[in-house]
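A short write-up of the structure that comes next.
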Amino acid sequence: MDALDIAMQAGITFRKAPAASTTDDGRVRTKARKKGYVTGAHGSASAQKKADIRRRRANRHK
């Protein structure tokens, strides 16, 4: 009960969370950066549609 009374009177101090781990160049590696996901090769319909949109945009002014 003593610890509970102290917490109620003094309050609880919350610390800031530690920084997220990153790679040496400062970027976080995600699946979205990998070629298979960007090109839609993993089979997701939305990824294939996005890859098609990227392909059409890249070929627009060629």
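The values are calculated or read from the model by the stated rules, or taken from the named source; none is laboratory data. Nothing here was measured: the structure is a model prediction, and the numbers come from that model. We place every Cβ from the backbone using ideal geometry, glycine too, and count neighbours over all the protein chains shown. In case anyone asks, the SASA skips ligands and DNA or RNA and just uses the protein heavy atoms, side chains included. Shrake-Rupley method; radii C 1.70, N 1.55, O 1.52, S 1.80 Å.
One line per residue, one yes/no per condition, for (1) of a type in the set (Ser, Thr, Tyr); (2) modelled with pLDDT under 75; (3) open to solvent by less than 100 Å² (accessible area, probe 1.4 Å):
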site: Asp25; (1), (2), (3): no, yes, yes
site: Thr30; (1), (2), (3): yes, yes, yes
site: Ser46; (1), (2), (3): yes, no, yes
site: Arg54; (1), (2), (3): no, no, yes
Exercise for review: Go through region 35-44 residue by residue and tally those that are surrounded by fewer than 10 Cβ atoms within 10 Å (Cβ to Cβ) and either touching a Ser or Thr at 6+ places or on another chain (Cβ under 7 Å) or not basic (Lys, Arg) (or both).
Suggested key: 1
